[in-house]
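Input: a single structure, listed below in structure tokens.
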Amino acid sequence: MIDQRPADHPGLEAMPQLDSLLPQLTAALSKDDATLFERRLRRVYPRLISLLEHVYGHAPDFPEQLARILSTAAQMFRERPAALKRLDVAREGDPHWFQSEKMMGAVCYVDRFAGTLRGMSKHLDYLEELGITYLHLMPLFKCPQPQNDGGYAVSSFREVREDIGTMTEMAALAATLRERGISLVLDFVFNHTSDEHEWALKARAGDPKYQAYYRMFDDRQWPDAYEQHLRPIFPAQRPGSFTYDAEMGKWIWTTFFSFQWDLNYANPEVFRAMLEEMLFLANQGVEVLRLDAVPFIWKQIGSDCENLPEAHMLIQAFNALVQVAAPTMLFKSEAIVHPRDVKSYISWQECPLSYNPILMVCIWEALATQNATLLRATMEKRFALPADAAWINYLRSHDDIGWGFADEDAAEIGLNGEDHRWFLNLYYMGRFPGSKAAGEPFQFQVDPRSHKPDIRISGTLASLIGLEKAMAAHDQGEIDLAIRRIVLVQGLVLAAGGIPLIYLGDEIATRNDYAYKREPLHAHDSRWLHRPQMDWERAEKRHDPKSVEGRVYQALQHLIWIRKENPLFANGDSQWIDAGNAQVIALARHQKLLVLGNFSDQPQSLSTGRISPETRWKNLIDDRELSGQDLTLAPYELLWLIPLKE
Ligand code: OTU
């Protein structure tokens, strides 16, 4: 993150003064809007200029570029619907709305959950039953067929995929959701576009303006030089990070699949154009924008081209402009990288929200080892965030699970990170003695340099946690334990603060979908194992307390509603503590709520006195009273304790 430069930075002398720009920027706005726009712009201006100057200041036409960027912000503000402008003002008065204990997140693919956007609106009661206030609809934009990386190759940021609906329906759904108190979350896949985006098509047709939107090279000289330091992301399908396009006779930077062309943010026109797309989405009613693949947006020869300072500056500059033109919309970062780098994106001025892959990974680690030491040690060190930011806590997403704990954290508790990752891979593939997991490998590869095998894991929550195998074996004991594990880990995610996020389907214990292997377009990508179609018939069983679906659903729903009704679950003040028993995780919230979880299949007692023996507690989950003197947790038990007044 960069320091704010003083407004009199020497490079800024040639900059157009805001006063001279304002009349033109606000000319088309109503008087009130002009006042508002000016007030917001003045607030961010010094910072914005400093950021953009860092990245683009060397170009002789920088002042004109800047004027164009600002006029895009003004124009998009002018187009912003009145209802959203009112929400902007309300949110400016309540900027920390997302920290509330009432927040509850869910994520789904529209086509897999409900078929279409219209279908989605038929299931809003279902979401309300679970207390959902934050709904992430996975990429639903126009994209190439048949291959589009689950929608993460976008051909138009302004058009919805035809089979799902239209942008008008999307905006209408956003409004309906808003009326129900649900914030719409969409992806902004801004590191790349698909090779069928209008810009890519024009580039391919030879238009130099649009070729400069991407990173293209005439021969292998630069790609070879860059590639020495790059990490391949989908090595099993596509080694290397560049793709040759015969039509242009050029090599294109493609970090992900070959049909995903990386945008060239060194070109300020790309920044401006993407600002326009971003604000267009804001104007449809998007309240949280999930910034996809943030680490990759800036490249620098000789580096691994991940998490570079300019990536942060660009996101902060986008953020400043959103605060002017659509301040309702918050950024959420998707950085699945080293814990230190995950955190580097999180701040009010960059991304106030972020996935918490560290908690996710450490929970799975604790389940595999039946030991909460790495979880506690990592959280003690890495969980705290600035007061105006929050984690999105989750157990799994549409992506694979990669073992992203820090080697140094593992070493501190005597674990070798690399060996431990390999153990976790075997464990979750069900190939380790005693493992109950039914995961599959994703992107198996042998690193060409180190010759070490690398792998990530696919699977649904229920399947990875052992429920699938237990059900297949009709083993009631194991089914019970698997359900307890689900409740334990969901309970931890719900109690940790931030926004808990469930992948829809997990609430009814959806198991792996092996059908993807028969689907030629998906067979190469095991992530489809855990992106099944929602089974609405099975969802009906959620009301049957004897069914597995009902047991999982009702337990989760119960926890959600306890959370929503108690401000002790609001974000902030999370102290991870050493309970004196390695099998038990302990977390104190707002100095009052004590969350305890037993990660082992044996009863665990906490008689070491670290948890005050004098205190009498009430367990919020079942209203039981417990004494600190002989606190014993049943296998995989979760407790949410508050002290009882004497
Ligand atoms: C994201 O994931 C999406 O979540 C994926 O579904 C996409 O395929 C991808 O971007 C491309 O758009 O590497 O294995 O640090 O780890 O952005 C998934 C961030 C990924 C990356 C992450 C990426």
Quiz prompt | Pairs where the first residue, in segment 257-279, is closer than 13 Å to Leu52 by Cβ and the second is in a helix (DSSP H, G or I) and within 16 Å of the ligand (Cβ to nearest atom), C-beta under 7 Å, 6+ apart | solution = Tyr265/Leu314; Phe271/Leu314
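Which residues, counting only those in segment 627-646, are surrounded by fewer than 18 Cβ atoms within 10 Å (Cβ to Cβ), outside any loop (DSSP other than H, G, I, E, B) and under 38 Å from the mean Cα position of the chain (by Cα)? Steps first, answer last, please.
Kept after step one, since they are surrounded by fewer than 18 Cβ atoms within 10 Å (Cβ to Cβ), are these residues of segment 627-646: 627, 629-630, 632, 634, 642-646.
Subset that is outside any loop (DSSP other than H, G, I, E, B): 627, 629-630, 632, 642-643.
Once the filter is applied, which keeps residues that are surrounded by fewer than 18 Cβ atoms within 10 Å (Cβ to Cβ), outside any loop (DSSP other than H, G, I, E, B) and under 38 Å from the mean Cα position of the chain (by Cα), segment 627-646 yields Thr632, Ile642, Pro643.
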Exercise. Select from segment 430-462 the residues that are aromatic (Phe, Trp, Tyr) and within 16 Å of the ligand (Cβ to nearest atom) and write down the one among them that is surrounded by the fewest Cβ atoms within 10 Å (Cβ to Cβ).
Key: Phe444
Quiz item: What number of residues within segment 479-501 satisfy the criterion of being within 19 Å of the chain's Cα centre (by Cα) and part of a helix (DSSP H, G or I)?
Solution: 6
Quiz item: Which of (1) crowded, with 18+ Cβ neighbours inside 10 Å; (2) over 18 Å from Cys143 (Cα atoms); (3) modelled with pLDDT of 95 or more is the odd one out, the single condition Gln300 does not satisfy?
Solution: (1)
Quiz item: If you take the residues in segment 563-607 that are touching a Lys or Arg at 6+ places or on another chain (Cβ under 6 Å) and part of a helix (DSSP H, G or I), which one is surrounded by the fewest Cβ atoms within 10 Å (Cβ to Cβ)?
Solution: Lys564
Exercise. For Ala325, state whether it is crowded, with 21+ Cβ neighbours inside 10 Å, under 21 Å from Leu140 (Cα atoms) and more than 16 Å from the ligand (Cβ to nearest atom).
Key: no
Exercise. Within segment 461-470, identify whether any single residue is assigned to a strand (DSSP E or B) and not small (Gly, Ala, Ser), and answer yes or no.
Key: no
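Out of Gly57, Gly93, which single residue is surrounded by 15 or more Cβ atoms within 10 Å (Cβ to Cβ) and either outside the structural domain of Leu504 (by TED's automatic domain parsing) or touching a Lys or Arg at 6+ places or on another chain (Cβ under 8 Å) (or both)? Talk me through it step by step, then tell me what you get.
Numbers: Gly93 fails: surrounded by 15 or more Cβ atoms within 10 Å (Cβ to Cβ).
On inspection, the qualifying residue turns out to be Gly57.
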Self-check item: Cβ pairs under 7 Å, 6+ apart, first in segment 391-412 and within 24 Å of Trp528 (Cα to Cα), second near the ligand (Cβ under 10 Å from one of its atoms) and assigned to a helix (DSSP H, G or I)
Solution: His398/Arg527; Asp399/Arg527; Asp400/Arg527; Gly404/Pro357
Quiz item: What number of residues in segment 145-185 are more than 13 Å from the ligand (Cβ to nearest atom) and under 18 Å from Arg531 (Cβ atoms)?
Solution: 6
Self-check item: In segment 167-189, the residues that are of a type in the set (Val, Ile, Thr) and not in a loop (DSSP other than H, G, I, E, B)
Solution: Thr168, Thr176, Val185
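Which ones in segment 341-375 are farther than 30 Å from Arg91 by Cα and either among the polar types (S, T, N, Q) or within 13 Å of the ligand (Cβ to nearest atom) (or both)?
Step one: of segment 341-375, the residues farther than 30 Å from Arg91 by Cα are 361-375.
Once the filter is applied, which keeps residues that are farther than 30 Å from Arg91 by Cα and either among the polar types (S, T, N, Q) or within 13 Å of the ligand (Cβ to nearest atom) (or both), segment 341-375 yields Val361, Thr369, Gln370, Asn371, Thr373.
Given the criteria in the same structural domain as Tyr134 (by TED's automatic domain parsing) and not hydroxyl-bearing (Ser, Thr, Tyr), does Leu201 qualify?
Working: in the same structural domain as Tyr134 (by TED's automatic domain parsing): no; not hydroxyl-bearing (Ser, Thr, Tyr): yes.
No; evaluated as a whole, the condition is false for this residue.
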Quiz item: Can you tell me which of Arg78, Arg47, Arg91, Arg112 is over 27 Å from the mean Cα position of the chain (by Cα) and of a type in the set (D, E, K, R)?
Solution: Arg78
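Do you know which residues across segment 607-630 are at pLDDT 90 or above and out of contact with any Asp or Glu (no Cβ under 9 Å at 6 or more places or on another chain)?
First pass over segment 607-630, keeping only residues at pLDDT 90 or above: 616-626.
Selection gives Leu620, Ile621, Asp622, Asp623, Arg624, Glu625, Leu626.
If you take the residues of segment 237-264 that are β-branched (Val, Ile, Thr) and more than 12 Å from the ligand (Cβ to nearest atom), which of them is surrounded by the fewest Cβ atoms within 10 Å (Cβ to Cβ)? Reasoning before the result, please.
Here is the first cut: in segment 237-264, the residues β-branched (Val, Ile, Thr) are 243, 252, 254-255.
In the following step, the residues that additionally are more than 12 Å from the ligand (Cβ to nearest atom) were identified as 243, 252.
Working: Thr243: 18, Ile252: 25.
Step by step, filter segment 237-264, then rank; the result is Thr243.
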Quiz item: If a residue has to be outside any helix (DSSP H, G or I) and either crowded, with 19+ Cβ neighbours inside 10 Å or touching a residue at least 40 places away in the same chain (Cβ under 8 Å) (or both) to count, how many in segment 523-562 make the cut?
Solution: 6
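Conditions tested, residue by residue: (1) within 15 Å of Tyr553 (Cβ to Cβ); (2) surrounded by 14 or more Cβ atoms within 10 Å (Cβ to Cβ).
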residue: Leu464; (1), (2): no, yes
residue: Leu467; (1), (2): yes, yes
residue: Ala472; (1), (2): no, no
residue: Glu478; (1), (2): no, yes
residue: Val489; (1), (2): no, yes
residue: Ala496; (1), (2): no, yes
residue: Arg511; (1), (2): yes, yes
residue: Tyr516; (1), (2): no, yes
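Right, Asp125: closer than 25 Å to Ser354 by Cβ and either within 12 Å of the ligand (Cβ to nearest atom) or surrounded by fewer than 22 Cβ atoms within 10 Å (Cβ to Cβ) (or both) or not?
On the way: closer than 25 Å to Ser354 by Cβ: no; either within 12 Å of the ligand (Cβ to nearest atom) or surrounded by fewer than 22 Cβ atoms within 10 Å (Cβ to Cβ) (or both): yes.
Considered against the rule, which asks whether it is closer than 25 Å to Ser354 by Cβ and either within 12 Å of the ligand (Cβ to nearest atom) or surrounded by fewer than 22 Cβ atoms within 10 Å (Cβ to Cβ) (or both), Asp125 comes out as no.
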Quiz prompt | Contacts under 8 angstrom Cβ, first residue in segment 330-353 being within 20 Å of Leu281 (Cβ to Cβ), partner modelled with pLDDT under 95 and not in a strand (DSSP E or B), 6 or more apart | solution = Glu350/Met1
Exercise. Kindly check whether there is at least one residue in segment 397-404 that is of a type in the set (A, V, I, L, M, F, W, C), more than 16 Å from the ligand (Cβ to nearest atom) and in a strand (DSSP E or B).
Key: no
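Return the only residue of Trp422, Trp364, Trp391 being within 25 Å of Phe444 (Cβ to Cβ) and assigned by TED's automatic domain parsing to the domain that holds His338. Walk me through it before giving the result.
On the way: Trp422 fails: assigned by TED's automatic domain parsing to the domain that holds His338; Trp391 fails: within 25 Å of Phe444 (Cβ to Cβ).
Step by step, each of Trp422, Trp364, Trp391 is checked, and only Trp364 is within 25 Å of Phe444 (Cβ to Cβ) and assigned by TED's automatic domain parsing to the domain that holds His338.
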Practice problem: Would you confirm whether any residue within segment 338-351 is surrounded by 24 or more Cβ atoms within 10 Å (Cβ to Cβ), within 26 Å of Leu461 (Cα to Cα) and at pLDDT 95 or above? | Solution: yes
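The values are calculated or read from the model by the stated rules, or taken from the named source; none is laboratory data. Owing to the predicted nature of the structure, the values given are computational and were not obtained by experimental measurement. No Cβ is skipped: glycine too gets one built from the backbone with ideal geometry, and neighbour counts run over all protein chains shown.
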